[in-house]
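One structure below.
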Amino acid sequence: MKKLIVITILGIMAVSLSACTGSDNTPSPTKSSQPDQGQSQTPAPSKGLEPLDDKQKTIVISTLAATDFYKRAKEKYEKLHPNTTIELKEFDSGSGGLMSNSAVEKYIKQTTTEVLSGKGADLFTLRVIELPIDNYVNKKAFVNLDEWMQRDSAFDPNQYQTNILEGSKMNGGSYILPLEYSLEVLFGDAEAFNNAGITFNDKSWTWSDFADIGKQIKGKDSSRFVLGNIAPEEMINNMVSDSYSQLIDGVDGTATFDSPMFIDMLEQVKALYEDKILKSDYADNSSFQYSSVYSPSDYLMRLGLYYPDGNGKVYQKPNSSAQKSGISFEPLDQIAMNANSKVQRDAWEFMKFLLSEEMQSYSANSDQPSFSINKVINEKIIEDLKSKEVLQDPAKGNVKIKAEDLETISTLLSAPAIRNMGYESTVQKIINEETKAFFSGQKPADAVAKLIQNRVVTYLNE
């Protein structure tokens, strides 16, 4: 789990508002590009897209630090569109991917001011979930991309991981479009469970089921922890992420953290630690290992690392009883379109280019590959692994590749997906800060719930 704010690369892409002023390529058939609070977010009927014009224009990509991915996108896109210039405008080119807390605060404040004032970029790409995205969506600052997907006959959703697209929706629309993502899973000793007669269905289990299974495991071996290396405030944020839409209404800017539902969550998490089912520190004898998985190769390596005897298996992370079942994922690179953009037609074309097999292949072959939103990329990687017997890694050694393991990762990639809202989002930070007093015994659950409720509602309505 993430315990420190580590910023890798976070980019903001912008199409110059000064280019093509008054252009006829404004995409939306609605009266205003930024709907007011009462306007329906249901996309208009498909009317098709007008062709791109040949007018000279500049697309400004404002970025924290330009990555090789966006440098390559600039080069390739300009060749495809000679009338378009891509300008990479960096926020902090000297950060080297890391920023001080003061620089982070400055960046968030400046970006938020631009986004909410309607004067910012046309396209925003976010490398990590550090900006208050939920607030941007709540304030109708981003375009619902469902309309573009429906109007564009060249956009075939079947080319992409539709489960991730569906799982990324917020407030009923596709305001955030993911490019890359990781999966959150539990690795466990399948053979040990079978020998102990412990059975469960990870495709539909909840955290309550997990607690019951934990008690069964403790009954077999009282010295064993079920899961370690996860603090109580991180655990409650896991459950909040699963139930985000039940606790926060982004459309109305309301929250229900003072409800019995959230108070029960707090009590449930506290009981997991009191019963020694969960442990904040590392537990070398835990039944499960929580982990994020970034690619098919990464999945195989982790499986071999955690269970070199070959008895390991990957399981879906439990979900809240109020949430549908599915695999938990976290977007690593995302795009959003400014609702006040004057050049949305060109901006959408650039977004599609970043989703293309060409660009996604480049990202997948980088030093730090992730799962791609482009389905073909993931399928090709898995097919390539099928032709090998051993996966070699200089740091971790060799791992035997088994067909059943590759089938498992294919199943996970196509399973219904639930978006993790991020452990560094503003709401999650509030929960992390306030719940420590409850888990340490300083404040009762209802008092902490009220504090969280007040802070979150204030944030949503800023």
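Taken together, the values in this text are just the output of simple stated rules run on the coordinates, not laboratory data. These figures come from a predicted structure and were not determined experimentally. Cβ: placed from backbone, ideal geometry, glycine included. Neighbour counts: every protein chain shown.
So if we plug the beta-carbon distance of residue 87 and residue 264 into 1/(1 + (r/R0)^6) with R0 = 51 Å, what FRET efficiency do we get, rounded to 0.05?
0.50
Report the gain in length on full extension from residue 382 to residue 53: 0.36 nm times residue separation, minus Cα-Cα distance, nm rounded to one decimal.
Result for the pair: 114.5 nm of gain on full extension.
Over the range 275-385, how many pairs of lysines fall under 30 Å by alpha carbon, counting only those 8 or more apart in sequence or from different chains?
Within the range 275-385, the lysine pair count is 17.
Tell me, how many Å apart are the Cα centres for the range 371-408 and for the range 216-238?
30 Å
Report, in cubic angstrom per residue, the convex hull volume of the C-alpha atoms of the range 353-413.
Convex hull of Cα atoms, per residue: 88 Å³.
Which one, 430, 409, 397, is farthest towards the positive end of the dipole of the range 376-462 when Lys and Arg carry +1 and Asp and Glu -1 on their Cβ?
430
Which of the peptides 174-182, 353-361 is most tightly packed, and how do the rest follow, judged by the mean count of other Cβ atoms within 10 Å per residue?
Peptide ranking by packing, descending: 174-182, 353-361.
Which value, in debye to the nearest 20, gives the size of the charge dipole of the range 190-298 about its Cα centre, when Lys and Arg are +1 and Asp and Glu are -1 at the Cβ?
Here the size comes out at about 480 debye.
Less than 13 Å apart at the alpha-carbon level, and either on another chain or at least 8 residues along: which aspartates and glutamates does that give for residue 57?
Straight-line reach from residue 57, under 13 Å: 78, 87, 346.
Of 280, 306, 295, which is farthest on the positive side of the dipole of the range 264-315, counting Cα position, with +1 on Lys and Arg Cβ, -1 on Asp and Glu Cβ, and the Cα centre as origin?
295
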